[in-house]
Structure formats: structure tokens, C-alpha cells
Amino acid sequence: AQSVAQPEDQVNVAEGNPLTVKCTYSVSGNPYLFWYVQYPNRGLQFLLKYITGDNLVKGSYGFEAEFNKSQTSFHLKKPSALVSDSALYFCAVRDNTGGFKTIFGAGTRLFVKA
Amino acid sequence: GAVVSQHPSRVICKSGTSVKIECRSLDFQATTMFWYRQFPKKSLMLMATSNEGSKATYEQGVEKDKFLINHASLTLSTLTVTSAHPEDSSFYICSASSVSQMSSYNEQFFGPGTRLTVL
């Protein structure tokens, strides 16, 4: 069965500093991996995805993520955090066998302090 | 990107009443739609998957008679919470999927969510 783990409930970072939000996954075969962001009382906004190709994926709002197959990780990164990046971030995985089911991690709350 | 809308965005109802939430894909045909439930400060829990014209597939532990899902067209799916109770209060999010024109990968687009409060 596929699963996603986000080991940190919360990440605190100062504005201007780099940020990392961690994600590890477990899935049979090659995964489709995603990051979404959610602001209070809002739906999910897509940030980026890894399907195939380069392990470093660049997405919206300056975010990027690195797919590491050996460590089964897909950590989200940004070189310089903004206060407006403060939100709830979800990592998600879908298997690539043609199914549609996407499994979400528990979420990591990011606080960026001015 | 494609747009998915939900209506209403917020609803407050009395215990025992039924509430219908609509999910629409505005600029694409959604072959598959999904309904998620999110508890406060928690992740999204997939409730069911629906394909147009067929019965929804419910996840284990989700009551089919409680959460009625209809996917009558390629642009509309509805979730009806029947005989709602306070424990049904939650944030409900739908998503719609279509085949990407760039590859066989199925894009999934999320609606803005509906906040249900049952008094």
C-alpha cells in the first residue's frame, strides 16, 4: 500500500532564510509525487509535481523539490522564505499504474517569522 | 490551470437536515471526481471516487447511505450529507481529474472547499 510521511508537524524559519519541508513516501513501482499548499479555509493549491525526468523539480512561487529514489524522499525547498509562505503544506503520492487515488501526508505547518 | 468550483463555500444547518454540496469543473470535462474530508489541522481523507454515470466507490469506513455521491455529468458531481449531525461538521473538498494533453498523466484539480457546520 502506498503511504506518505511528513515527519514534522511544524517548521519555523526566519524570513530570508532557506526552508525545507520533509516528505518520504512508500509506493510500489515508480511514484507520482506532489506538493500542495493550503491557506486557512481554502482548498489546495498545486505547487509542483514529479512524474519523470530531472530529479529537481521547480514549481510555483519559487518552490522546488528534489526526488531522491534511494531515500524515497521528496523534500520541498525554497532558497529564501517569505512571511507569505506561511501555510499548511501537503505532500502527496499517487501510483503510476493508471489509478487515480492520491494519498496525502499529514501536513506540515510552515511559520515564517519576519 | 483548470478550474474547479464548489458551492456553497459555507453552510450551516440544523441537526437532522440534509445538505447538498456541488462540485463543478468549469473549463474541462472531468472523467473522475473525488471527495475529501478534512478535519481541523488534519490531512485530507479520501471519502469516495466517482466516475461519470456510474456509482461512486467509497473508501473503507465511509458510510454510503450517509454521504450520497452523484456524478451525473462530466462537469458536475454532488455530495449530499444526509441527516447531518454535529460530528459531520468538517471541511469538504472535491477534486476533478482529466487526462493531460501532454501525456497520459491524469491531472487532478481541487475545488476551494466547503465548510459545513451542523448545529
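The values are calculated or read from the model by the stated rules, or taken from the named source; none is laboratory data. It should be emphasised that the depicted structure is a prediction, and the values quoted were computed from it without experimental measurement. Note that each Cβ is placed from the backbone with ideal geometry, even for glycine, and that neighbours are counted across all protein chains shown. Each accessible area value is taken on the protein alone, full model and side chains, heavy atoms only, with ligands, DNA and RNA left out. Shrake-Rupley method; radii C 1.70, N 1.55, O 1.52, S 1.80 Å.
Shape of the stretch B:21-66 from the C-alpha gyration tensor: oblate (a/c of 1.5 or more and a/b not above b/c, with a ≥ b ≥ c the square roots of its eigenvalues).
Counted over the stretch B:29-119 with a bin width of 5 Å, the fraction of Cα pairs per bin, in whole percents, is 3, 14, 23, 25, 18, 10, 4, 2, 1, 0.
Residues of the stretch A:45-90 that lose at least 20 Å² of accessible area (1.4 Å probe, protein heavy atoms only) when the other protein chains are present, relative to their chain alone, are A:Lys49, A:Phe90.
The charge dipole of chain B, taken about the Cα centre with unit charges on the Cβ atoms of Lys, Arg (+1) and Asp, Glu (-1), comes to about 340 debye, rounded to the nearest 20.
Could you grab the relative contact order for the stretch B:40-81? Cα pairs under 8 Å, six or more apart, rounded to a whole percent.
31 percent.
As an exercise, find the ratio Rg/Rh for the protein assembly as shown from alpha-carbon atoms, using the Kirkwood inverse-distance average for Rh.
Checking Rg against Rh, the ratio lands at 0.97.
Geometric descriptor of chain A, per residue, is 98 Å³ (volume of the convex hull of the Cα atoms). Surface calculation, 1.4 Å probe, protein heavy atoms: A:Phe111 sits at approximately 90 Å² accessible.
Looking only at the protein assembly as shown, where both bridge partners belong to it, what percent of the DSSP beta bridges are antiparallel (to the nearest 5)?
Around 90 percent antiparallel, to the nearest 5.
Positive contributions from Lys and Arg (+1) and negative ones from Asp and Glu (-1), summed over other residues with Cβ under 15 Å from the Cβ of B:Ala2, come out at 0.
Take chain B with all the other protein chains still there, run a 1.4 Å probe, and you get 50 Å² of accessible area per residue. The share of accessible area on the protein assembly as shown that comes from carbon and sulfur is 51 percent, using a 1.4 angstrom probe.
Checking the Cα-Cα distances for A:Lys101/B:Lys55; A:Lys22/A:Lys101; A:Lys49/B:Lys66; A:Lys77/A:Lys113; A:Lys22/B:Lys42; B:Lys20/B:Lys64 against a 24 Å cut-off, the pairs over it are A:Lys49/B:Lys66. Interface between chains A and B: roughly 1700 Å² of accessible area buried, both sides summed (probe 1.4 Å, protein heavy atoms only). Short-range pairs are left out: with C-alpha atoms under 8 Å and at least six residues apart, the relative contact order of chain A is 37 percent.
Computed on the stretch B:1-79, the Cα convex hull volume stands at 115 Å³ per residue.
Working from label points 7 Å from Cα in the Cα-to-Cβ sense, the A:Tyr61 to A:Arg109 distance is 1.6 nm.
Along the Cα-to-C-beta direction of B:Asp27, a point sits 7 Å from the Cα; which residues of the stretch A:59-90 have their amide N less than 20 Å from that point? What the label zone holds, given the 20 Å backbone N cut-off, is A:60-61. Look at where the Cα atoms of the stretch A:35-73 and of the stretch B:1-69 average out, and the two centres are 24 Å apart. Computed over the stretch B:15-119, relative contact order equals 32 percent, with contacts defined as Cα pairs under 8 Å that lie 6+ residues apart.
Counting only protein heavy atoms and using a 1.4 Å probe, the accessible area of A:Lys101 comes to about 80 Å².
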